[in-house]
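Structure first, commentary second.
The values are calculated or read from the model by the stated rules, or taken from the named source; none is laboratory data. Please read these numbers as outputs of a predicted model, since none were measured by experiment. Virtual Cβ from ideal backbone geometry, glycine too; neighbours counted across all protein chains shown.
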Amino acid sequence: MHRGLRGIQWTATEASAILQPLPTDKQHSSRPTAGKWQAKKIRMSDQATLQARIDAILEKYPIAHLSGFWLPVEVRIDGVAYEVRIHVNFTNHCWTRSIETGDAADEVLFREQKRKGMIDERVFCLKRWNFSHQLPGLISNISHALCLPGQEKSVFYRLKPDTSKGKDAGWYICLRLDKSDSRKQITLNIRSSHYRTNKPEGTRGAPIRFWAAFWSYYKDLRTKNAWMRDGEKEKAPR
């Protein structure tokens, strides 16, 4: 666990790279894609330089509002209501974007290893940072919100609509559920938030409530993991 970035905790994976695939900028209709991918190796000697840039940015644009927190989700097991606590974690994609033509090299804050040796260089995004202040409130109240399932049952997109720009326009929040057997916890990773005028590639089917999406992910896992069942807390009848 790393404690750079002004007190925000990051795992070793998050500090160096986010390895899971994310929606690519070629899917974003709101900005060009030139210059996004830089095929170069990430050198450890670069980390101090990048950290200094991150610290300077976060002096001006703090991200204390993106500290992790525990989110209770209600599930029903054999007709009985239980509460399952999952840990919410925000990635830097909530306040950075991929580099674009015109961005200076010394604006790069993260170099993230992707598949096939590609590197995603990321710079600060004021638009995403401004929107990120809404994220904790949106996620805290997500249980009954409608989400768009992604290609994997653990990935969902929640739309904060902007109907003035079209039926699919607005802010999309990419979520992923993961489990850690060593920590004995389920994590809801807020992997990205970005504005666009069309649906992300890979969404499928009709919108569903988040609690239903969570149950679809959780129901089989709980039968194989005693620590999950041990963490279920029966809710008192209303």
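Side notes on the structure shown:
- Of the residues making up the stretch 118-133, at least one is in contact with a Leu (Cβ under 8 Å, 6 or more places away or on another chain) and closer than 16 Å to residue 173 by Cα.
- The residues in the stretch 193-223 that are part of a loop (DSSP other than H, G, I, E, B) and surrounded by 18 or more Cβ atoms within 10 Å (Cβ to Cβ) can be counted, and the count is 2.
- Conditions (1) farther than 16 Å from residue 83 by Cα; (2) of a type outside the set (S, T, N, Q); (3) free of Cβ contacts under 8 Å to residues at least 12 places away in the same chain; number of the one not met by residue 196: (3)
- Given (1) closer than 23 Å to residue 112 by Cβ; (2) touching a Ser or Thr at 6+ places or on another chain (Cβ under 7 Å), index of the condition residue 217 fails: (1)
- One residue from 159, 148 being under 15 Å from residue 196 (Cβ atoms) and at pLDDT below 90: 159
- Considering the stretch 224-238, and only residues there that are basic (Lys, Arg) and free of Cβ contacts under 8 Å to residues at least 40 places away in the same chain, the residue that is surrounded by the most Cβ atoms within 10 Å (Cβ to Cβ) turns out to be 229.
- The single condition among (1) closer than 30 Å to residue 51 by Cα; (2) under 16 Å from the mean Cα position of the chain (by Cα) that residue 160 does not meet is (1).
- If you go through the stretch 144-178 and pick out every residue that is touching a residue at least 40 places away in the same chain (Cβ under 8 Å), touching a Leu at 6+ places or on another chain (Cβ under 7 Å) and among the small types (Gly, Ala, Ser), you end up with 1.
- Tally of residues being closer than 30 Å to residue 98 by Cα and of a type in the set (A, V, I, L, M) across the stretch 193-238: 3
- In the stretch 79-117, residue surrounded by the fewest Cβ atoms within 10 Å (Cβ to Cβ) [restricted to those that are within 14 Å of residue 54 (Cβ to Cβ) and either aliphatic (A, V, I, L, M) or out of contact with any Leu (no Cβ under 9 Å at 6 or more places or on another chain) (or both)]: 106
- Matching residues, the stretch 132-152, being under 16 Å from residue 200 (Cβ atoms) and in contact with a strand residue (DSSP E or B) (Cβ under 9 Å, 6 or more places away or on another chain): 146, 147, 148, 149, 150, 152
- Residues in the stretch 176-192 that are under 19 Å from residue 220 (Cβ atoms) and not in a loop (DSSP other than H, G, I, E, B): 176, 177, 178, 179, 180, 185, 186, 187, 188.
- Of all residues in the stretch 45-54, those satisfying the criterion of being of a type in the set (A, V, I, L, M, F, W, C) and in contact (Cβ under 8 Å) with a residue 24 or more places away in the chain are 50, 54.
- Residue satisfying all of: in the stretch 149-167; touching a helix residue (DSSP H, G or I) at 6+ places or on another chain (Cβ under 9 Å) and part of a loop (DSSP other than H, G, I, E, B); nearest to residue 178 (Cα to Cα) among these: 154
- Looking across the stretch 224-238 at every residue that is in a helix (DSSP H, G or I) and out of contact with any helix residue (DSSP H, G or I) (no Cβ under 8 Å at 6 or more places or on another chain), the one that is farthest from residue 185 (Cα to Cα) is identified as 224.
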